[in-house]
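The values are calculated or read from the model by the stated rules, or taken from the named source; none is laboratory data. Small disclaimer: the values here were computed from a predicted structure and weren't measured. All Cβ positions, even for glycine, are placed from backbone atoms using ideal geometry, and neighbour counts span all protein chains on display.
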């Protein structure tokens, strides 16, 4: 309920009088200012953006080896590996070499990681480091048949930016995250980074942001974790084929943990929910996989029968289309709120 201006003028002198009277009569001194929040711990290791590759393979050597539990600061390039800048025009997109897409920082080997384990990647910080871009590449995107002309817009963001002007009428709050994070696959082949796979990779899941822990099934000794394709902001689905692609500073903790359920595809959690993922050539197939993985988690972790878990997924599970454009796979995630498990 609002107070009239007259009432506000009447109350103010009384409040000032009470304050002066208390101070003059030896009353308690004003409470001290609250202490500033503690600074985050310094990283144990820093990996600069010069240490990059753009394929998935067990044959790519690690650039650094860290112990389990290490806090690592990682710098990443923007997705085109410097091919697209603020000076690039839409017409220039025809000359972009897709063979250079996804310059990933890493690999980072983690001591003690073995196939069958999980690598828990806890994301602490994600900070934009400079200008970014978003565009349309003909032949690429969820509606490629509708949008056949190239389009490009650059965004002159400063390091640490928290918002960006899409145009003179629309401002977007930034919510940075890594579009690609994964471990090396158990193959000597040089796999392109475009589709998500069992090892993670190009999941473009905007919920894998600071505050989340991502669980990646380890495929090779050391795990060989890599990260890149950072996005300043993106909606679920990334339907045009790009987010605001930008260089990024990330801080993560890398922990080797047991995998008693035999998790085979990435899962993740925050303080508020647990999530499973499913990748497949269609959204339907991906959604079924994400649902089946959630049922398995509910049965193993909460003692439900498969039937109970299936119905609970229908009542409380939240399917999210994480990405629709990373051919040949799409990624769907299911979130399950932790608040519903408050009973004995």
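Of note:
- Selection of strands (runs of 3 or more DSSP E) fully inside region 271-344 by the criterion of at least 2 residues being closer than 17 Å to residue 201 by Cβ, free of Cβ contacts under 8 Å to residues at least 60 places away in the same chain and under 24 Å from the mean Cα position of the chain (by Cα) returns 273-280, 330-337.
- Scanning region 244-270 for residues that are assigned to a strand (DSSP E or B) and under 19 Å from residue 300 (Cα atoms) turns up 257, 267, 268, 269.
- Number of the condition not met by residue 48 [criteria: (1) modelled with pLDDT of 95 or more; (2) crowded, with 18+ Cβ neighbours inside 10 Å; (3) under 30 Å from residue 241 (Cα atoms); (4) under 21 Å from the mean Cα position of the chain (by Cα)]: (2)
- Considering residues of region 255-270 that are more than 30 Å from residue 164 (Cβ to Cβ) and under 19 Å from the mean Cα position of the chain (by Cα) only, the residue surrounded by the most Cβ atoms within 10 Å (Cβ to Cβ): 267
- Near pairs, Cβ below 6 angstrom, 6+ apart or cross-chain, from region 68-87 (on the phi > 0 side of the Ramachandran plot) to any residue that is in a loop (DSSP other than H, G, I, E, B) and buried (at least 17 other Cβ atoms within 10 Å of the Cβ): 81/103
- Residue within region 54-66 that is modelled with pLDDT of 95 or more and more than 23 Å from residue 191 (Cα to Cα) present: yes
- Qualifying residue in region 121-141 (condition: outside any strand (DSSP E or B), more than 16 Å from residue 243 (Cα to Cα) and touching a residue at least 60 places away in the same chain (Cβ under 8 Å)): no
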